[in-house]
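**Q** The following block contains the structure, expressed as C-alpha cells.
The values are calculated or read from the model by the stated rules, or taken from the named source; none is laboratory data. Remember, it's a predicted structure, so these values are computed and weren't measured experimentally. Please note: Cβ atoms are built from the backbone with ideal geometry, for glycine as well, and neighbour counts cover all protein chains shown. To get the accessible areas, we keep the full protein, side chains included, count just its heavy atoms, and leave off ligands, DNA and RNA. Shrake-Rupley method; radii C 1.70, N 1.55, O 1.52, S 1.80 Å.
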Amino acid sequence: MALALGILLSGRGSNLVAILDAIQEGTLDALVKVVVSNKATAAGLERAKARGIQVVFIDPKLFAQEEHPREAYDVAVGTLLKEHGVECVGLAGYMRIVTPALIRMFPWNMLNIHPSLLPAFPGLNAQKQALEWGAKVSGCSVHFVTEGVDEGPIICQKAVVIHEEDTVETLSARILEQEHQLYPQALQLLAQGRLQVDGRTVGVLP
Ligand code: GRF
C-alpha cells in the first residue's frame, strides 16, 4: 500500500514538487494527503494546490496564549495530520523547531532534509556556513527527526563539490538539485519498510 505522507513546509516547496513528481513517475510509492504550513504566504502551498493537494495553514499566533504555545501548536498540527490519515511526515523547508509533542505522534516516521553533510553545518544557512568554513565538499542529508535540531540518525546523503568561485546561490542551487533526487529516494526506502534504526545507524534492508 502506498505510504500516506503529510508534508510540512514554510517556503518555496521545491522538495514537495520533487516528491510529487517522483510519485507521478512511479519511483515513489506514496501519496501526499495534505500539506501544512506555518506561513500563510508560503509559495509551496500554491504549488501543492496546483497539483490538487489539500493545503492547510495553521497560524502559530492562535496558540500564543497557551501555557506551552509550541507544544500546543504541534499537537494541533499532529492531530490534523492524523485526521488526514497521514502515516509519515516529511519536513521540507519547515522553518520551525518541531517539539517532542509532534515527534511522539509519528515515531520513526518523520523525516527532514538538510542542505549539508550532517553533522557538519546544522541549523540555518547551511550552505553559507560551508562556504565560510572553507569546506571543499558539502551536500545534503535526509535524516529521521529527533529532539535535537538536525541531529537524528542519517538515512542517506549526497556530496556536492564546492568550487572556488561558488557563491551561496550557486552552491545552494547545485545542492538543491541533489536534494530533489535524495528526498524521494529516502521516502521510498521508508515506504518499502527497508529502514532499520540501530542507535545512530540506519541500515537499509535489501
Ligand atoms: C532546502 O534547501 C532544504 O534542504 C531546507 O530548506 C530548503 C527548502 O527548499 N531544509 P524548498 O522549500 O523545498 O524549495
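**Q** How are the alpha carbon pair distances in region 23-91 distributed across 5 Å bins from zero to the largest one, expressed in percent?
**A** Binned Cα distances yield the sequence 3, 15, 22, 24, 18, 10, 4, 2, 1, 0.
**Q** Another one. Could you work out, for region 1-46, what percent of all Cα-Cα pairs fall into each 5 Å distance bin, beginning at 0 Å and stopping at the bin that holds the largest distance?
**A** 6, 24, 30, 21, 13, 6, 1
**Q** Normalised by the empirical 2.2 N^0.38 Å for globular proteins, what value does the Cα Rg of region 63-124 take? Don't jump to the answer; show the numbers that get you there.
**A** On the way: Rg = 13.0 Å, N = 62, 2.2 N^0.38 = 10.6 Å.
Cα Rg divided by the expected 2.2 N^0.38 Å: 1.23.
**Q** Averaged across orientations, what area in nm² does the convex hull of the alpha carbons in region 124-180 project?
**A** Working: hull surface 16.0 nm².
Here the figure is 4.0 nm², rounded to one decimal.
**Q** Further, regarding this structure: Which whole number of Å³ per residue matches the convex hull of the alpha-carbon atoms in region 157-206?
**A** Numbers: hull volume 4.5 nm³, N = 50.
Per-residue hull volume (Cα only) is 90 Å³.
**Q** How much length is gained if the chain between L124 and E147 is pulled fully straight, taking 0.36 nm per residue apart and subtracting their Cα-Cα distance, in nm to one decimal?
**A** Numbers: separation 23, 0.36 × 23 = 8.28 nm, distance 1.65 nm.
Between L124 and E147, full extension yields an extra 6.6 nm.
**Q** For a quick check: with amide H placed at 1.01 Å from N, whose amide H comes under 5 Å from L3's, ignoring anything fewer than 5 positions away on the same chain?
**A** Amide H to amide H, under 5 Å and 5 or more residues apart or across chains, L3 pairs with A30, L31.
**Q** Just want the answer: with Cβ charges of +1 for Lys and Arg and -1 for Asp and Glu, which residue in Q178, G203, G44 is farthest toward the dipole's positive end in the chain?
**A** Result: G44.
**Q** Could you run the Karplus curve 6.51 cos²θ - 1.76 cosθ + 1.60 with θ = phi - 60° over region 46-63 and give me ³J(HN,Hα) per residue in whole Hz, x for Gly and Pro?
**A** Each residue of region 46-63 in turn: 5, 5, 5, 4, 4, 9, x, 9, 5, 10, 9, 9, 10, 7, x, 4, 5, 10 Hz.
**Q** Of all GluC sites (Glu not before Pro) in region 157-206, which ones are in loop regions per DSSP and have a Cβ with at most 10 other Cβ atoms within 10 Å? If you can, show how the numbers build up before the last one.
**A** Working: sites: E164, E165, E169, E177, E179; in loops: E164, E165.
Passing sites in region 157-206 are E164, E165.
**Q** Related question: What longest range of the chain stays clear of loop-exposed trypsin sites (Lys or Arg not before Pro) (DSSP non-H/G/I/E/B, at most 13 other C-beta within 10 angstrom)? Intermediate results must be reported in sequence, preceding the final value.
**A** Values: sites that count: R104, K136, R194, R200.
Of all site-free stretches, the longest is 1-103.
**Q** Between their Cα atoms, which of K128/K158; K61/K82; K33/K128; K33/K136 are more than 28 Å away from each other?
**A** Numbers: K128/K158 18 Å; K61/K82 22 Å; K33/K128 34 Å; K33/K136 39 Å.
Checking Cα-Cα distances, K33/K128; K33/K136 exceed 28 Å.
**Q** Give me the number: length gained by fully extending V161 to K136, i.e. 0.36 nm times residue separation minus the C-alpha to C-alpha distance, one decimal in nm.
**A** Numbers: separation 25, 0.36 × 25 = 9.00 nm, distance 0.62 nm.
Length gained, V161 through K136: 8.4 nm.
**Q** Under the rule of at least 5 residues apart or a separate chain, name every residue whose amide H is placed under 5 Å from the amide H of V55.
**A** When sequence neighbours closer than 5 places are left aside, the close amide H contacts are V35.
**Q** In sequence order, what are the phi-derived ³J(HN,Hα) couplings for region 148-154 according to the Karplus relation 6.51 cos²θ - 1.76 cosθ + 1.60 with θ = phi - 60°, rounded to whole Hz, with x for glycine and proline?
**A** Listing the rounded values in order: x, 5, 6, 10, x, x, 7 Hz.
**Q** Rounded to the nearest 0.05, what FRET efficiency do D198 and K49 have when you use their Cβ-Cβ distance and R0 = 41 Å?
**A** On the way: r = 40 Å, r/R0 = 0.98.
The computed FRET efficiency comes out at 0.55.
**Q** What percentage of the solvent-accessible surface of the chain, computed with a 1.4 Å probe over protein heavy atoms, is contributed by carbon and sulfur atoms?
**A** Carbon and sulfur atoms account for 54 percent of the accessible area of the chain.
**Q** Under unit Cβ charges (Lys, Arg +1; Asp, Glu -1), what dipole magnitude, rounded to 20 debye, does region 1-158 have relative to its Cα centre?
**A** Numbers: 14 positive and 15 negative charges, 86 e Å.
Using Cβ point charges on Lys, Arg, Asp and Glu, region 1-158 gives about 420 debye.
**Q** What fraction of the Cα pairs in the chain, stated in percent, has a spacing above 23 angstrom?
**A** Working: 9208 of 21115 pairs.
Tail fraction, whole percent: 44.
**Q** If contacts are Cα pairs under 8 angstrom and at least 6 residues apart, what is the relative contact order of the chain in percent? Display every interim value, and only then the final one.
**A** Working: 392 pairs, mean separation 40.1, N = 206.
Here the relative contact order equals 19 percent.
**Q** Oh, and also: If only Cα atoms are counted, what is the Rg of region 85-206, and what is its Dmax, in Å?
**A** Answer for region 85-206, Rg first and Dmax second: 14.5, 47 Å.
**Q** Shifting gears a bit: Can you give the angle from 0 to 90° between the axis of helix 14-25 and the longest principal axis of the chain, with both taken from C-alpha atoms, to the nearest 10?
**A** For helix 14-25, the angle is close to 80 degrees.
**Q** Using amide H atoms built 1.01 Å from N in the peptide plane, name the residues 5+ places from G11, or on other chains, whose amide H lies under 5 Å from its own.
**A** For G11, the qualifying residues are G44.
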